Amino acid sequence: MTATMSRLYDVSLCGSLRARNSHLEREQAIAVDDLLEYNTFVPVGHEGGPYRLSLALADACLALHVTKDQGAHVVRHYVSLTSFHRLFKDYFLICKSHNFALIRPDPQRLEAIDMRRRAVHDDASELLRERLAPKVTVDKNTARRPFTLIYALFAERHSESIPEAPRPSLRKLCAGAGMGTAICIEAWRAEQRR
């Protein structure tokens, strides 16, 4: 099987998954771009990609509909989001901590928060891989992106978890739910040197 045959070439988000906040829309767009650039995606028992993936929310489930490039149905799979609630809650708390840490940036604290964020993201991607396994095989990096997409939707309902840097000079640099922390640290260090 060639690399092209085991890849996604298109990802679309149903209206139920689209964020209405500009910051979160950007997070989703980045996640989709990353997903398209680097992915391994193989529906079980199917060897004829590349594939198109449509994601939507259906009740308390993430609905995945996979088709071929001409629209031929490959597989439809529903992943219950109930088992992700603890991870979402942890991620919200980490993002909230990140927001508070930006008030008085401390490189060590920001790095620790970012390490915790990555650990929760890794846990979520492993759980998603397990839930997809009956129908789709994905690698770790491919599984990380849908969590970002889903998080953006749920974060919209918890405005305190949406990051916003306290000072205008850092606002542009510290855009991301824990993303860009290295840039924030560098900005803080440059500000301390002045």
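The values are calculated or read from the model by the stated rules, or taken from the named source; none is laboratory data. These numbers were taken from a predicted model, which means no experiment stands behind them. In this analysis, Cβ positions are derived from the backbone assuming ideal geometry, glycine residues included, and neighbour counts consider all displayed protein chains.
Against the list (1) within 29 Å of SER6 (Cα to Cα); (2) at pLDDT below 85; (3) of a type outside the set (A, V, I, L, M, F, W, C); (4) touching a Ser or Thr at 6+ places or on another chain (Cβ under 8 Å), the condition GLU25 fails is (4). Only residues that are of a type in the set (Asp, Glu), surrounded by fewer than 16 Cβ atoms within 10 Å (Cβ to Cβ) and closer than 30 Å to GLY49 by Cβ were counted in the range 105-144, giving 4. Remark: pairs (first residue in the range 66-87, touching a residue at least 40 places away in the same chain (Cβ under 8 Å); second residue in a loop (DSSP other than H, G, I, E, B) and surrounded by 16 or more Cβ atoms within 10 Å (Cβ to Cβ); Cβ separation under 6 Å; 6+ apart in sequence or on different chains) = VAL75/LYS135; HIS77/LYS135. When the range 3-16 is limited to residues that are under 9 Å from LEU53 (Cα atoms) and not β-branched (Val, Ile, Thr), the one that is modelled with the lowest pLDDT turns out to be LEU13. The residues of the range 128-145 that are without any contact (Cβ under 8 Å) to a residue 40 or more places away in the chain and of a type in the set (Asp, Glu) amount to a single one, GLU130. Listed conditions (1) closer than 16 Å to ALA152 by Cα; (2) in contact with a Ser or Thr (Cβ under 7 Å, 6 or more places away or on another chain); (3) without any contact (Cβ under 8 Å) to a residue 60 or more places away in the chain are all met by SER125, apart from (2).
Among the numbered conditions (1) touching a strand residue (DSSP E or B) at 6+ places or on another chain (Cβ under 9 Å); (2) touching a residue at least 40 places away in the same chain (Cβ under 8 Å); (3) under 18 Å from ARG7 (Cβ atoms), the only one that ASP34 does not meet is (1). Residues that are buried (at least 17 other Cβ atoms within 10 Å of the Cβ) and among the hydrophobic types (A, V, I, L, M, F, W, C) were ranked within the range 77-93; the one that is farthest from ASP114 (Cα to Cα) is VAL79. When you check VAL74 against the structure, is it buried (at least 17 other Cβ atoms within 10 Å of the Cβ), aliphatic (A, V, I, L, M), at pLDDT 90 or above and touching a strand residue (DSSP E or B) at 6+ places or on another chain (Cβ under 9 Å), yes or no? Considered against the rule, which asks whether it is buried (at least 17 other Cβ atoms within 10 Å of the Cβ), aliphatic (A, V, I, L, M), at pLDDT 90 or above and touching a strand residue (DSSP E or B) at 6+ places or on another chain (Cβ under 9 Å), VAL74 comes out as yes.
Of all residues assigned to the range 148-161, none qualifies as being among the basic types (Lys, Arg) and at pLDDT 85 or above.
Within this structure, LEU127 fails the test of being in contact with a Cys (Cβ under 8 Å, 6 or more places away or on another chain) and within 25 Å of SER6 (Cα to Cα).
When we screen ALA19, ALA58 for residues that are farther than 23 Å from GLU130 by Cα, among the aliphatic types (A, V, I, L, M) and at pLDDT below 85, the only hit is ALA19.
Taking the stated definitions as given, is PRO50 at pLDDT 90 or above and farther than 20 Å from ALA152 by Cα? It is true that PRO50 is at pLDDT 90 or above and farther than 20 Å from ALA152 by Cα. Among the residues examined, VAL66 qualifies as more than 19 Å from LEU24 (Cβ to Cβ) and surrounded by 14 or more Cβ atoms within 10 Å (Cβ to Cβ).
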